[in-house]
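Every number in this text was worked out from the coordinates using simple rules, so none of it is lab data. Keep in mind the model is a prediction, meaning the values are calculated, not measured. A quick note on method: Cβ atoms are made from the backbone with ideal geometry, for glycine too, and the neighbour counts reach across all protein chains shown.
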Amino acid sequence: MAWSYSLAELASAIGCEVAAGTATFSSISTDTRTLRPGDVFFALTGANFDANAFVGEAFAKGACAVVASRAPASGPCLVVDDPLRALQRFARWHRDHFSLPVLAITGSCGKTTAKDLIAGLLAARYSVVKTQGNLNNDIGVPLSLMQIDAGTGFAVIEMGANHPGEIAALCDLARPTEAAITMIAPAHLEGFGSIENVAAAKAEIVRGLGPAGVFYVNTGDPRCVAIAQSFAGERVRFGASKDGTLRRREFLPSGDTLLEIEPVGSITLPLPCPAHVVNVLLAVAAGVRHGVEEFEAPLRQTLAAAARFRTLRIGPWDVLDDAYNANPASMAAALEALALRPGTGRRVAALGDMLELGAASRALHRELGRTAADFGAQHVFVRGDFADEVVAGALEGQCPDARAMDAHAEIAAAIHALGPEGGVLLVKGSRGMRMERVLEALKALYG
């Protein structure tokens, strides 16, 4: 990093007494496993962890100081009531030292993919800082902001939330100049309660913009359009609607997708999930606004490196691996991809529960089963507390084979037993369902 602060500056930024010592530092850490000599270690505490226990290890690894809620026996320490709040204050103070475009991005689905695509395009013109992985919460956002330095030309910061007010708080740290909502759908209903509350929470990202701010409007999402109507700043359209930027979409036998996008023309991309088109359109809109001239090559490169919606071959199966996470909208998108995937043979869906849906869980899982049937899944194998609801919905939709199973290995065995002709297999579920273990078990069966 190209920034450097003294411990006195850190103390002033977070509002505590100056620590002993005159050290300067140019990076911070919240994890002793990756701490580097000279770092300041923030000893975060939470319901299930207390990093005060690792302060000694931090000093042993070369930390120049720690920020903690308890003073250690020795070593420079800035004592605060809440180390996480101190980290956030420091990140906000640091962010305020730099004048640069900061694009904040949220959405019920697609925000990590869109963030990576935007950063990949803008990297042709700027030195870009982006959220690493999906570290989009009250810890991840401050850490992302701390990556900004004098050489940074653009920052793309992903923001997630499962309760009202969280995105507003993250915007208070990041001070975004631009914002985007990929789409709004039922997700984290356990914390939000309703789709209307989800929309209100996503709208916080627009209220975090100043009067000179820019909002990227998904014209295909009525709730995003409604949010945009109350925004007085610059609005940039993207989307697959009649008012959007997509003029033509064609699925090619190769599995690639041909897109004709206003104003950049035709590009061909590896998009096994049609729903990801909207993320490409958002990235293109941001790229056009910021003077990007080359689109296809950087987009292809970013998509090839993505951890989401991977395609692979296991035995006779063409596998769509989207085991990372799930909500109703992303499940529907993945099942559509299963239906549209070129090739012959069976269409099989191995699904896990969608978590954090609260009182709507049963109804939404039954609807998931019907959606699987509507998209032509011939075999639906499900695990989780709501597996019976998914099976019931699939059978209601005339799916010929829908079964609830207890174990990942049991699902893999059922897939293997379908025979040597194979087909197309979708594997998807919420992160806590660990559906990637189905793939591990299936690989073992095929040697």
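Here are some notes:
- For segment 98-305: Kirkwood Rh in Å [reciprocal of mean 1/r, alpha carbons]: 17.0
- Given charges at beta-carbon only (K, R positive; D, E negative), |dipole| of segment 310-445 in Debye: 280
- Charged-residue dipole, Cβ positions (Lys, Arg, Asp, Glu), segment 5-82 about Cα centre, Debye nearest 20: 240
- Within the chain, DSSP assigns beta bridges of which about 25% are antiparallel (rounded to the nearest 5).
- Length, then width, then depth: along the principal axes, the Cα atoms of the chain run 71, 49, 40 Å.
- In whole angstrom, segment 310-445 maps to an equivalent ellipsoid with semi-axes of 21, 16, 13, each derived as √(5λ) from the alpha carbon gyration tensor and ordered largest first.
- Greater than 24 Å apart at Cα, pairs in Lys111/Lys443; Lys130/Lys428; Lys115/Lys428; Lys115/Lys443: Lys111/Lys443; Lys130/Lys428; Lys115/Lys443
- Note on the chain: GNM, Cα springs under 10 Å; of Ile148, Ile181, Ile267, the largest mean-square fluctuation is that of Ile267.
- Dipole of the chain, positive end: most advanced residue of Ile28, Ser127, Ala441 [Cβ charges, Cα centre]: Ser127
- Convex hull of Cα atoms in segment 190-276, direction-averaged projection (nm²): 7.4
- Dipole-positive endmost among Ser6, Phe49, Thr268 within the chain (Cβ charges, Cα centre): Thr268
- Hull shadow area, averaged, segment 5-82 [alpha-carbon convex hull, nm²]: 4.7
- Charging the Cβ of each Asp and Glu at -1 and of each Lys and Arg at +1, and nothing else, the dipole of the chain about its Cα centre rounds to 520 debye.
- Based on DSSP H segments of at least four residues, each scored -39500 (n - 2.57), the chain has a per-residue ellipticity at 222 nm of -10500 deg cm²/dmol.
- Volume in Å³ per residue [convex hull over Cα atoms, computed for segment 60-165]: 137
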